[in-house]
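For reference, the structure discussed in these notes is given below.
The values are calculated or read from the model by the stated rules, or taken from the named source; none is laboratory data. Note that the structure is predicted; figures quoted are calculated from it, not measured. Here Cβ is always computed from backbone atoms with ideal geometry, including for glycine, and neighbour counts include all displayed protein chains. Ligands, DNA and RNA are excluded from the accessible area calculation, which covers all protein heavy atoms including side chains. Shrake-Rupley method; radii C 1.70, N 1.55, O 1.52, S 1.80 Å.
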Amino acid sequence: MSIEMLTAVLLVCLLVAFAFGAPVGLGLGGIAMAVGYLTWGEGIFNIIPSTIDSTYFSFILLAIPLYIYMGQLLTRSGIGDAMFNASQLIIGRVRGSLAISVIGVCSMIGAMVGIIGAGIMTSGSIALKPMLERGYDRRLALGVIMAGGGLGILIPPSVPMIMFASATQNSVGRMFIAALVPAAISIVCLALYVIISCRLNPERAPLGTGDEMKMTPKQKVLTLRDGLFSVLLIFAVLGSIISGIATPTESGAIGVIGAIILAILFKRFKLSMFRHAGFETAILISVAMWIIFGATLFSNFHLLMGVQDMVASFTQDLGLPPLGVIIMMQLIMILLGFIIDEFIIVLMCAPLFTPIAVSLGYDPIWFGILMILNIEIAVQTPPYGFALFYLKGIAPPGVTMSDIYRSVLPFIGIKLAVLILCMLVPELVLWLPNKIMG
């Protein structure tokens, strides 16, 4: 069977499996092994132990449960709420201030958990109802939560970035640093959109919440303290990696210990919270590791069959310039984002596309950041972006899918502009890691 025919068979089988609701990990791994057995025979099963060894015994991937556990501890202890309150207190009485706070807090929550779904659901459960109750336009409220929550995979520490670095044998620390400038540009552009749109149409947002005016000086100090220490913990985790004090995995352990210490200092630590955070982390990691294993099996089988050469020859036959090949890859990943989540896209596309990008003369770190920016857009694009359904799951009963679809369009446009800017000006991505790490 030719590699073209094999690829078509694999994709059709995947679509059928997902349409019938098959578990993602089982669908990816099972289909790869079934098709592999029919084409290669029993020898295909030899890749299972090697995949298990590279997947479950990777020191880099050990960082994933640590970062998720840190996020669970911070959100369940209420420190995530403190970040929201502190941000709102700092901004004060500005039209659309609550929406701007949501963008900032969603960014920080995303930094804590590193996963789009968790960032959107946590931020939405905290901020959506207060925004709607205070007279914010429904589309604006939904849009800022979706846009801010999606930044979770762009702001370090990011789980998909760790997975990309592991799959392509690149530096996690350099990936984290490279994402800082695109993340800052994204946050500034989103905040400017809120300010300008609310000024042009004041009915979209009230002048201010007024809650900060009712707080006593002591309450303000405590609120700012909690929010400041939460942010400092994130900087400590990232700073330990950049400075070379700790590896990404070790910095994840620092984050967990720091989250526990903050909860104890702020008198928010409870054994039940500790237990529930552990259970929730175990569930998320169990699901994630099966997905990683299945996707890695699928990717390894596809690579062994020569899909990399197929894509390379296909791009050569099209006669596209190097940037045209990069754009084609971006379009493929956006289409994949309609049906699968960010983890699977990284695991499927990173080992396939990155060597091609490098062979064209591009930096793998730059391409990795483009992939993360692309995935952030893809999983939020109507009608099938899976992140849309996370938001629907925590939205009030009156919010329809049509409301959510319309709310995300301007924010997707902003993020697409950031992606194009970083694609055309690679120094926006590469300047900071080259400056810091050489």
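For this structure, a couple of remarks:
- Any hit, region 386-402, residues being surrounded by 16 or more Cβ atoms within 10 Å (Cβ to Cβ), part of a loop (DSSP other than H, G, I, E, B) and more than 15 Å from the chain's Cα centre (by Cα): yes
- Taking each residue of region 402-431 that is under 16 Å from Gly368 (Cα atoms) and β-branched (Val, Ile, Thr) and looking for partners that are in a helix (DSSP H, G or I) and open to solvent by 30 Å² or more (accessible area, probe 1.4 Å) with beta-carbon atoms closer than 6 Å, six or more apart or interchain, yields Val418/Ile185.
- Residues that are outside any loop (DSSP other than H, G, I, E, B) and of a type outside the set (A, V, I, L, M, F, W, C), drawn from region 261-280: Ser272, Arg275, His276, Gly278, Glu280
- Selected residue (criterion: surrounded by the most Cβ atoms within 10 Å (Cβ to Cβ)) from residues of region 131-181 that are without any contact (Cβ under 8 Å) to a residue 40 or more places away in the chain and under 21 Å from Val102 (Cβ atoms): Met131
- Residues (in a helix (DSSP H, G or I) and among the small types (Gly, Ala, Ser)) located in region 164-179: Ala165, Ser166, Ala167, Gly173, Ala178
- Residues that are more than 25 Å from Cys13 (Cβ to Cβ) and aromatic (Phe, Trp, Tyr), drawn from region 275-302: Phe279
- Among the residues of region 15-38, those identified as in contact (Cβ under 8 Å) with a residue 40 or more places away in the chain, in a helix (DSSP H, G or I) and either aliphatic (A, V, I, L, M) or surrounded by fewer than 17 Cβ atoms within 10 Å (Cβ to Cβ) (or both) are Leu15, Phe18, Val24, Leu26, Leu28, Ile31, Ala32, Met33, Val35.
- Any pair with Cβ under 9 angstrom, 6 or more apart, that starts in region 271-285 at a residue that is touching a residue at least 12 places away in the same chain (Cβ under 8 Å) and within 9 Å of Ile68 (Cβ to Cβ) and ends at one that is open to solvent by 60 Å² or more (accessible area, probe 1.4 Å) and not acidic (Asp, Glu): Glu280/Arg76
- Ser77 at pLDDT 80 or above and not hydrophobic (A, V, I, L, M, F, W, C): no
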